[in-house]
1. Can you classify region 196-251 as rounded, prolate or oblate using the Cα gyration tensor, where a ≥ b ≥ c are the square roots of its eigenvalues, rounded means a/c under 1.5, and otherwise it's prolate if a/b beats b/c and oblate if not?
2. Need one word for region 113-230: rounded, prolate or oblate. Basis is the Cα gyration tensor (sqrt eigenvalues a ≥ b ≥ c); a/c below 1.5 gives rounded, then a/b vs b/c decides.
3. Compute the acute angle (0 to 90°) between the alpha-carbon long axis of helix 36-51 and the principal axis of greatest extent of the alpha-carbon atoms of the chain; round to the nearest 10°.
4. Percent of Cα-Cα pairs more than 33 Å apart in the chain, please.
5. When ranked by the protection proxy of mean other Cβ atoms within 10 Å per residue, highest first, what sequence do the peptides 40-48, 146-154 form?
6. Stretch residue 87-residue 18 to full length: gain in nm at 0.36 nm per residue minus the Cα-Cα span?
7. Between helix 160-169 and the chain, what is the angle of the helix's C-alpha long axis to the longest principal axis, kept within 0 to 90° and rounded to the nearest 10?
8. Could you work out which residue, out of 53, 126, 72, moves most in a Gaussian network model of the chain, that is, has the largest mean-square fluctuation with Cα springs under 10 Å?
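Read the figures in this text as sums done on the coordinates, not as results from a lab. Predicted model, so just to flag it, every value in this text is computed and none were measured. Here the Cβ positions follow ideal geometry from the backbone for every residue, glycine too, while neighbour counts run over all protein chains shown.
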C-alpha cells in the first residue's frame with residue numbers, strides 16, 4: 001500500500017465564506033494518485049457538499065505540482081490484479097457520476113499536471129480553470145491500457161480529432177491546447193483569481209436555476225454514461241493481468257521503456 005500512516009486527510013474539506021466547498025486533493029507522496037483512501041475521502045466530500053443546502057457549489061483543488069496522476073499503480077501492483085481492477089473501475093464510475101449528477105456546479109482549479117484518471121475527473125466538472133503552466137496527458141496506452149472509464153466524460157468534451165490523437169499517442173499537451181480542444185474552460189495566468197471571478201458569477205444564479213441548467217447541459221452525457229458504464233467497466237477490468245499490462249506497469253515502476261517501445 002502506498003498510503004502513509006499519517007492521520008492527515010488526503011482530501012481536505014473546507015467551506016469558504018462565499019458558500020463554495022473546496023475539496024483539496026492533498027496526497028503529495030503519490031502525486032494525488034487515486035488510492036483507495038483518496039477516493040473514499042473524495043466521494044465522502046462530494047456527498048457532504050451535495051447534501052448541505054448551505055453549500056452553493058464545489059471547487060476541486062490540489063496541493064503540489066500535480067492535480068491527479070491517475071490510478072495509484074503501486075497500490076494496484078500490491079493487490080490482486082483482477083480484484084483491484086474491478087474495484088478501481090467502480091470507484092471511477094462513482095467519482096465521475098457523482099460529479100455529473102450533483103445539483104450544484106463543480107469547478108476544477110488546476111495548476112499543475114493532470115494525467116490518466118485525473119483527466120476524466122476534470123472532464124466531469126462543469127468548469128475547469130487551468131494555470132498556463134499546467135500539462136495534460138492520457139498515458140494509458142503506454143502501459144497497455146486505454147482510457148476506458150474516463151472516455152465517458154472525455155469524449156463529450158473533447159473534439160473528435162483531439163481525442164483520436166491524445167487517446168492513442170499519450171503525448172503531453174499544455175493548457176492552451178486543453179482550452180482549444182474543449183477540455184479546459186479557461187487557461188488563466190492566475191487560476192486562483194479566475195476561479196474566484198467565476199464563483200462570483202455563479203453566485204448570481206439561483207440554486208434551482210443552476211441545478212436545472214446543469215441538468216440541461218449534462219442530460220445527454222449522463223444518459224450515455226449510464227448506457228455504457230457497465231460494459232466499459234468489464235472491458236477495463238479484463239485488461240488488468242494481461243501480459244502487456246503487466247509489462248507496461250512493471251516498466252513504469254522500473255522507469256524504463258516497455259518492450260514494445262524499445
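1. Details: a/c = 6.92, a/b = 2.22, b/c = 3.11.
Oblate is the answer for region 196-251, as a/c is 1.5 or above yet b/c matches or exceeds a/b.
2. It is oblate, given that a/c is not under 1.5 and a/b is not larger than b/c.
3. 20
4. Details: 5035 of 34191 pairs.
That fraction is 15 percent.
5. On the way: 40-48: 17.9, 146-154: 23.7.
So the peptides 40-48, 146-154, ranked by packing, come out 146-154, 40-48.
6. Values: separation 69, 0.36 × 69 = 24.84 nm, distance 3.60 nm.
Extra length available between residue 87 and residue 18 comes to 21.2 nm.
7. 40
8. Between 53, 126, 72, it is 53 that shows the largest mean-square fluctuation.
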